[in-house]
Amino acid sequence: MAAEVAAKAGLTVAIFEAMPDCGRKLLVAGQSGLNLTYALDHEAACARYGARASWIAAFLAAWSAEDTRAWADGLGVTSFVGTSGRVFPEAMKAAELRKRILDRLRTLGVSIHTRHRWQGWTEQGALGFDTPEGVCSHQAEAAVLALGGASWPETGSDGSWAHLLAARGVTMQPFVAANCGFDCDWSPAMQRFAGSPLKNVALRCGDAVSCGECVITATGIEGQALYALGAAPREALAADGHALLQVDLKRDLDHASIVTRLRTERGKRSLSDHLRRRLGLRGPSYSLLRECDPGIDWADAEALASFIKAVPVRLLRSRPIAEAISTAGGVAIEACEGLMLRAAPGVFVCGEMLDWDAPTGGFLLQACFSTGHAAGTQAHAWITRGATPCATPRTS
C-alpha cells in the first residue's frame, strides 16, 4: 500500500523483500477466507483497537474500510459483507489477490527485489541488505519499513529487526502474543474434547465482554470470542500471574429461566442427561462444568444456574508467539512523529511492527492498509519538502 501510494504520487519506488516472494502473511490470512476489512462505522471500528483507538482514528479516517473495498474492487476483487459484519472477497483466493497487487505495482514502475534482508544502515546512512550475492546498500530519499510483528515467523515476520531500531535509539516495546490461545492445564477428561467448539457463549475477563464461539484445545482454549476480548487476558496475566475467564454457557437464557428448567422434574434421568435435555449442555460444555467446579451444590438450582452463567476458567499463560495470529509490541507510538521515526528522519514505519493490536475480524489488515497508506503519503511529503535523505544524522 505504501509503495502504491508513493508510486502514484510520482516517486521512484523500490521494494526490498527478505523472503523469496512478497506477501506471504497475506497467504496465511487467506487460509481462513481472507477477511479484508469490516463493515462498521468509524467510531465503532476505532473502539476495537482498545488503548490505541484515538491514535488509529486518523489513519482509519484517511483510508477507511470503504476505501479498502474500493481499492480491491479496482483490482477486480469484488467483496461481500458476511453475517458477522466481516468483509470477504466473493471468489478471489489470496494468491490471486497477491498477484494482482504485485502486477499493479510493476505497472506503476515499482521494482521488487526479493531475498534482500534489511540489516540497518551503513556509515553513510544508506540502507544495508544481506542478499544471496552478498551485502549491498541502497541510498533513498525516504524509506518505509513494513517489517511485521513476530507471529508466523515462517512468513518472514519474525521480529528479528527489532534490535536494529533499538540500536538506533528507537523506543521499543517487547513483543507479546495477541489473538492467541491460552493454556489451562486441562485434566485428561477435558483433553478428550480438544477441537470441540463451545458455541454461542459469552466470555468475560475483567471489564471486557465478547460473544460468539471458542474452541477447546489440548492445552486450553482459543477462538474468535476469546480474541475479541483484546488485551484484557494478557493484562490480567501480567498483573496477577493468571487470568480469570468467565464463560456463560447459556447466554441466550437469563438466570431465572435456567433455574426454572433445572427445577423441572427429571425422574430417573441422571443430572448430565437432565442438563442435556433441558439446557442443551452436552459433551464439552458439561465437561467444562465438571472441570471448573468450585465446589457448588449441584442439587441447588440457584447455585448451578449461577455457575452455568459464569464458569470460572483459569488462564495460566498465553500460547507461544509463533502460534499467535498477531502480536502487540514493537515500535512505540511515542517513538514516531506521525509515522516517521524521531531517531531516523525520513524513515517511516507502518503495519504490525508498530505497538498496536486488534482482534481478528478485518481489523488487523485494515490497520495495516491504513498505516501503509499514511506512510506512503508522509514519505512523499518528506521528499517533496526537499528534506535530508533518510537516516542521515541531523547536525546540531
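Before moving on, here are some points about what is shown:
- Picking from residues in the range 89-112 that are under 15 Å from Gly76 (Cβ atoms) and small (Gly, Ala, Ser), the one that is modelled with the lowest pLDDT is Ala91.
- Filter result (of a type in the set (Ser, Thr, Tyr) and crowded, with 19+ Cβ neighbours inside 10 Å) within the range 1-44: Thr37, Tyr38
- When we screen Arg192, Arg168 for residues that are of a type in the set (D, E, K, R) and under 30 Å from Tyr286 (Cα atoms), the only hit is Arg192.
- Note on the range 120-198: enclosed strands (runs of 3 or more DSSP E) holding 2 or more residues that are surrounded by fewer than 17 Cβ atoms within 10 Å (Cβ to Cβ) are 127-131, 134-138, 172-178.
- Figure legend. Inter-residue proximity from the range 228-249: first residues at pLDDT 95 or above and acidic (Asp, Glu), second residues surrounded by fewer than 20 Cβ atoms within 10 Å (Cβ to Cβ) and not in a loop (DSSP other than H, G, I, E, B), beta-carbon distance below 7 Å, spacing 6+ or different chains. Indicated pairs: Asp248/Ala202; Asp248/Lys309.
- Any hit, the range 372-383, residues being in contact (Cβ under 8 Å) with a residue 24 or more places away in the chain, within 25 Å of Lys8 (Cα to Cα) and of a type in the set (S, T, N, Q): yes
- Considered as a group, the residues in the range 6-49 that are outside any loop (DSSP other than H, G, I, E, B), among the small types (Gly, Ala, Ser) and in contact with a helix residue (DSSP H, G or I) (Cβ under 9 Å, 6 or more places away or on another chain) include one that is nearest to Gly346 (Cα to Cα), and that residue is Ala6.
- Among the residues here, Ala375 does not qualify as assigned to a helix (DSSP H, G or I), over 27 Å from the mean Cα position of the chain (by Cα), surrounded by 22 or more Cβ atoms within 10 Å (Cβ to Cβ) and at pLDDT 95 or above.
- Apart from one condition, Asp41 fits all of (1) within 30 Å of Val135 (Cα to Cα); (2) free of Cβ contacts under 8 Å to residues at least 12 places away in the same chain; the exception is (1).
So that you can scan it fast, the table gives a plain yes or no per residue for (1) of a type in the set (Phe, Trp, Tyr); (2) out of contact with any Cys (no Cβ under 9 Å at 6 or more places or on another chain); (3) modelled with pLDDT of 95 or more; (4) not in a helix (DSSP H, G or I):
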{"residue": "Leu253", "(1), (2), (3), (4)": "no, yes, yes, yes"}
{"residue": "Ala256", "(1), (2), (3), (4)": "no, yes, yes, no"}
{"residue": "Gly267", "(1), (2), (3), (4)": "no, yes, no, yes"}
{"residue": "Ser272", "(1), (2), (3), (4)": "no, yes, no, no"}
{"residue": "Ser285", "(1), (2), (3), (4)": "no, yes, yes, no"}
{"residue": "Leu289", "(1), (2), (3), (4)": "no, yes, yes, no"}
{"residue": "Pro294", "(1), (2), (3), (4)": "no, yes, no, yes"}
{"residue": "Leu304", "(1), (2), (3), (4)": "no, yes, yes, no"}
{"residue": "Phe307", "(1), (2), (3), (4)": "yes, no, yes, no"}
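- Looking only at residues in the range 314-328 that are among the charged types (D, E, K, R) and outside any strand (DSSP E or B), the one that is surrounded by the fewest Cβ atoms within 10 Å (Cβ to Cβ) is Glu323.
- Inter-residue pairs, beta-carbon under 9 Å, first not assigned by TED's automatic domain parsing to the domain that holds Trp298 and in the range 265-276, second assigned to a helix (DSSP H, G or I) and among the acidic types (Asp, Glu), 6+ apart: none
- Search result, residues across the range 214-250 that are surrounded by fewer than 19 Cβ atoms within 10 Å (Cβ to Cβ) and farther than 23 Å from Phe363 by Cβ: Ala218, Thr219, Ala239, Asp240, Gly241, His242, Leu244, Gln246, Asp248
- Test: residue in the range 284-307 that is touching a Lys or Arg at 6+ places or on another chain (Cβ under 8 Å), basic (Lys, Arg) and within 23 Å of Ile216 (Cβ to Cβ): no
The values are calculated or read from the model by the stated rules, or taken from the named source; none is laboratory data. The structure displayed is predicted, hence computed values, not measured ones. Don't worry about glycine lacking a Cβ; one is built from the backbone with ideal geometry, like all the others, and counts go over all protein chains shown.
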